[in-house]
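Everything on this sheet refers to the single structure shown next.
Each value in this text was obtained by applying a stated rule to the coordinates, not by laboratory testing. Treat the numbers as computed from the prediction; the structure is a model and nothing was measured. No Cβ is skipped: glycine too gets one built from the backbone with ideal geometry, and neighbour counts run over all protein chains shown.
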């Protein structure tokens, strides 16, 4: 089932065009690898899809609805989960507290009262799903390894139940064994119906994907003398 569609998507930084006429559809239950040389616009594409920046031209449809008509806060806090290469965790908090905070923020606009006990139970449950036990969940983030921190980042992205998971080089700072463990988690997410979109330079990660999307570096225009 199509969950995301990009139609003639373009993006420019001033006079520099980074994305030009990107057309692609993404479905639930699949892993997509976005590959290409540095400067091809891979991370920019994720930023546009996540609603952090507006496309210069083109349209993004999420569940058939034009993203322009959607509340950006609701879109980012309900539909899209983002995983960063450098984790972007709050290091003074525990793994569980990072996940709980994400859940509380996503529910902050809801009229229903936030149940702290239920949020705590869900946080432990999600962390368990990504391979962190109760002891690890209660550790401050800085006391965790890089692989464990990435698991926390995945749990945080999953905390509010988004259909689409965006990951920017999620294995870029990890060793080979941990990279494989993280991709096993991604495969399980896709098997459970998530649409997983990964920017990567890793041939292993790209090989794990159901579909591979290659972005080409835009050629510089040359003026005739």
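Take residue 198 and decide whether it is assigned to a helix (DSSP H, G or I), touching a residue at least 40 places away in the same chain (Cβ under 8 Å) and under 13 Å from the mean Cα position of the chain (by Cα).
Taking the combined requirement at face value, the residue does not satisfy it.
Looking at the stretch 68-100, which of its residues are surrounded by 17 or more Cβ atoms within 10 Å (Cβ to Cβ), out of contact with any strand residue (DSSP E or B) (no Cβ under 6 Å at 6 or more places or on another chain) and part of a helix (DSSP H, G or I)?
75, 76, 77, 78, 95, 96, 97, 98, 99, 100
Restricted to the stretch 18-37, and to residues that are part of a loop (DSSP other than H, G, I, E, B) and touching a strand residue (DSSP E or B) at 6+ places or on another chain (Cβ under 6 Å), which residue is nearest to residue 60 (Cα to Cα)?
Only one residue fits best here, namely 28.
For residue 104, state whether it is part of a helix (DSSP H, G or I) and surrounded by fewer than 13 Cβ atoms within 10 Å (Cβ to Cβ).
No.
For the stretch 161-184, how many residues meet the condition of being touching a residue at least 40 places away in the same chain (Cβ under 8 Å) and over 13 Å from the mean Cα position of the chain (by Cα)?
Summing the residues that are touching a residue at least 40 places away in the same chain (Cβ under 8 Å) and over 13 Å from the mean Cα position of the chain (by Cα) in the stretch 161-184 gives 3.
Output the qualifying pairs, or none if there are none: Cβ atoms under 8 angstrom, residues six or more apart or on different chains, first residue in the stretch 45-63 and on the phi > 0 side of the Ramachandran plot and touching a residue at least 60 places away in the same chain (Cβ under 8 Å), second residue surrounded by 13 or more Cβ atoms within 10 Å (Cβ to Cβ) and part of a loop (DSSP other than H, G, I, E, B).
Taking only residues 6 or more apart or on different chains, the pairs are 63/163.
Looking only at residues in the stretch 23-67 that are within 17 Å of residue 215 (Cα to Cα) and in contact with a helix residue (DSSP H, G or I) (Cβ under 8 Å, 6 or more places away or on another chain), which one is surrounded by the fewest Cβ atoms within 10 Å (Cβ to Cβ)?
It comes out as 36.
Could you tell me whether any residue of the stretch 118-131 is within 30 Å of residue 202 (Cα to Cα), outside any loop (DSSP other than H, G, I, E, B) and touching a strand residue (DSSP E or B) at 6+ places or on another chain (Cβ under 9 Å)?
no
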